[in-house]
Amino acid sequence: MPRTTHVAGPRAIAARVAAGTLIAIGYIDLARGGTVIAPVALVIGYVVLVPLALFAD
Amino acid sequence: MTTPATAAELRPSYRAAGLTALGVLALYVATLAPSTAMWDASEYITAAYTLGIPHPPGNPLFVLLGRVAALLPFGGVAYRVNLLAAACSALSAGIWFLVAERVLAQWITVGWVRRAGAVLAAVLSATAFTVWNQSVVNEKVYTVSLAFFAVVSWLTVLWCDDPDGRRADRILVLIAYLIGLGYTNHPAGFLVAPAVATAVLVRRPRTLLRWRLIASAVLALALGLTPFAFEPIRAAHHPTLNEGEPTGCTDRIAVACTFSDTTVRRLMANVNRDQYGKPNLSDRQAPFSAQLGMWWWYFRWQWLRDPHGTQGALQGALAALFLGLGIAGGVVHWRRDRASFWFFGPLVFTVTFALVYYMNFKYGASQSPDVVGVEREVRDRDYFYLWSFSAWSVWAALGLVALWRVVAERAGRTPRWMATAPILAFGLLPLVGNWRAASRAGEWATREWARDILNSVEPYGILITGGDNDTFPLWYAQEVEGVRRDVTVAVTSLLNTDWYPRGLLRRPIYKYDESAGPAAYRGRSWPMPTRPIMTLSKAQLDAIPDYVELREPQLFEQGGIRAVVDPRRLEFGVPLRSDILVLQMLKDNLGVRPFYISRTTASYAESLGLGAYALVQGLATRVSPVALVANRDTVAVPGLGFLDVPRTTALWREYGAPAAIIRRGDWVDRPSAGIPALYTATALVLAQAAELQGRADEAEKMRGRGIDVAEAAHITEWFVGPSTDVPLPASGSDAPRGTALPARP
């Protein structure tokens, strides 16, 4: 059955924004030499928020 | 009896799966290592704690996850990182529950029977020896990979159920992302891809023609790979562990050096694991039949680990049973749930046969001991087949449920499930049989070993090591526990790389803490060195060739040392970069820093022509600035060399590993059993010396302690009588870490 292209809903958009923000914060902190905020932000971003963003309605 | 599964029957029991995962986690916590272990455990724990870069490919996702685990507010650092391994495997077990339940729903209509079968799959996969043993210490990154495999498996099963559903495309895109992300944990992350592709091709081939979906999946895969950006950014800060040094920045991070050709080249070398120079696949390192034999050797371990070969017949019988159950489970899977089979079958094939072919191993370290004269892996590689054994366990559980069904149906007019349920006890055999060998509860020996060998070195000393087991635990002790950071550890296998010597030059000089050091060093003045361990600049270091084409003996002269370096006595017949750097460090530090070579390197001091200057002090051999002469305290021991009796005796009294080994009562990993052997050898030689010096009581006590260690580690056959000419341990280097090591001339 052919399907139309999926259009991201508010939850997916929110998750994408949150994922992008957190990953950016993670890399910025990492570049500054951070060893606490960076890994926490990157793990939440990559392991939790990006999958949510890809899966959410 | 078979009816199509209803929607209710297909509804996954997420709560039961969660409870099963918690049960498995409880088992792992009960058997969790409180500290580090041999081989790569210390390297990965240290990398996690310091947010460093372990050996190529650098495993950025693991390092990030491990660092977060290390931040947990309870237990020691190693315990917390070990918990990460346990949690990943427990999650996998919970997902195998869901997969098994999903398959069973196609041919078992009784809910509790399906769930019992699913629990069986989870328990079997969690207690297969290698899965269990790797889940109770974070030795590698493979349990994280296992969790990725399991999650991707479940998502693929969901997609196969409804490939035209509302969420089907999103599931595929998510799978692509997770495969990419899994790759940043370990390249094995891609192993699941062929199975996903097969499932998609068989279930809905036209999916591959939907270019927008394919483009989204490719983008998601690329997004999943972006954690590799961690490596150059972090490497530019030059953390303690900076393997491969994937950055062009020499002093501090900057945009120009981060986005330089050097950074890209070094990062790609790391990602592609260039350092290891794996042979071409057509160049088999052992016959394929032997490589399959290696898989079978480790398959036998899964259901009853018998480290000392005392239950071979039972182990073989159980292996045959679980092989048969797995095959039966695969057949049942094929017949009852073709949709998920087209994923799971190729997965089992990929992580078994294809992986055996791809890994192209030499003979296993303990495989077929009767086969002599063949090259062997330095250690047992069962962990590479962890995914194979885990997935096979799911099929074995399905096979056992199929058997249960046959028995239940024959027991009465209607299936007598409850009355025949005891047959499931077969699935608990690995839990019982593997408990002792798989458990790492109370294992402190590696941590104590690291402390002992560091404490064998005088303050501010340099210690030359040879491989994994005499290096990584020391990194852990120094960087995680802060033990003897004043000692500079230099491992010869990494001295052959370009980046490692540069890292040694960068290493700060740490102050010796007398209160935490051994009593033997107290009450003396230990001047803190002020200059780096080598006088060479970084440019000079980089200019040292991989090896020197030197065939004739050369004289090494420095201070009171006149050593003849005979290339024929060196491992490769010519001096390697590592040999040149070791001699350079000796030259630069004579009279400045005590210089030691770990006893785990066997005869390295002799091969450099330093035998007349080598003085054994505890677990290390000190290079004396003048030729040694035997006297009351310095005893010449055949097969060992000169032994500093008072120093070694004093150090021995403070060593922690002998007690830890005796308490544990076993040493399961045979390739590293040379470590307890070193303690026993030391105790026996000290006992001899004490006897010669008229200290009979002490001699008896020392000998008894050495024998206790040997008995605990099951290596008494290595020691016949009180001889000191014992096999010394191989330090075990996982692979030649040097770039372009010369071929043996």
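The values are calculated or read from the model by the stated rules, or taken from the named source; none is laboratory data. No experiment lies behind these values; they were computed from the predicted model shown. So basically every Cβ, Gly included, is an ideal-geometry build from the backbone, and we count neighbours across all protein chains shown.
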For segment A:24-40, what are the residues that are at the interface with chain B (Cβ under 8 Å from one of its Cβ atoms) and in a helix (DSSP H, G or I)? A:TYR27, A:LEU30, A:ALA31, A:ALA38, A:PRO39, A:VAL40
Among the helices (runs of 4 or more DSSP H) contained in segment B:404-504, which hold 2 or more residues that are in contact with a helix residue (DSSP H, G or I) (Cβ under 8 Å, 6 or more places away or on another chain) and of a type in the set (Val, Ile, Thr)? B:445-455
For segment B:508-543, the count of residues that are under 30 Å from B:TYR276 (Cα atoms) and in contact (Cβ under 8 Å) with a residue 40 or more places away in the chain equals 7
Criterion: within 13 Å of another protein chain (Cβ to nearest Cβ), among the aliphatic types (A, V, I, L, M) and crowded, with 16+ Cβ neighbours inside 10 Å - qualifying residue of B:LEU178, B:LEU191, B:LEU219, B:LEU209: B:LEU178
Out of all the residues in segment B:133-143, is one or more over 30 Å from B:ARG300 (Cα atoms), in a helix (DSSP H, G or I) and in contact (Cβ under 8 Å) with a residue 24 or more places away in the chain? no
Can you spot a residue in segment B:116-131 that is more than 14 Å from chain A (Cβ to nearest Cβ), outside any helix (DSSP H, G or I) and surrounded by 24 or more Cβ atoms within 10 Å (Cβ to Cβ)? yes
Looking at segment B:587-634 only, could you name the residues that are β-branched (Val, Ile, Thr) and either surrounded by fewer than 24 Cβ atoms within 10 Å (Cβ to Cβ) or out of contact with any strand residue (DSSP E or B) (no Cβ under 6 Å at 6 or more places or on another chain) (or both)? B:VAL592, B:THR600, B:THR601, B:VAL623, B:VAL626, B:VAL629, B:THR634
Give the residue that is surrounded by the most Cβ atoms within 10 Å (Cβ to Cβ), with candidates limited to residues of segment B:144-173 that are touching a Lys or Arg at 6+ places or on another chain (Cβ under 9 Å), within 14 Å of another protein chain (Cβ to nearest Cβ) and assigned to a helix (DSSP H, G or I). B:TRP159
So which of B:GLY674, B:GLY665, B:GLY611 is over 30 Å from the mean Cα position of the chain (by Cα) and modelled with pLDDT under 95? B:GLY611
Condition met for B:VAL685 (assigned to a helix (DSSP H, G or I) and either modelled with pLDDT under 95 or assigned by TED's automatic domain parsing to the domain that holds B:ASN469 (or both)): yes
Does segment B:8-16 contain at least one residue that is buried (at least 24 other Cβ atoms within 10 Å of the Cβ), outside the structural domain of B:TRP475 (by TED's automatic domain parsing) and aliphatic (A, V, I, L, M)? no
Name the single residue that is nearest to the chain's Cα centre (by Cα) among those in segment B:382-411 being buried (at least 20 other Cβ atoms within 10 Å of the Cβ) and among the charged types (D, E, K, R). B:ASP382
All positions within segment B:56-106 that are without any contact (Cβ under 8 Å) to a residue 60 or more places away in the chain, within 12 Å of another protein chain (Cβ to nearest Cβ) and assigned to a helix (DSSP H, G or I): B:ARG67, B:VAL68, B:ALA69, B:ALA70, B:CYS88
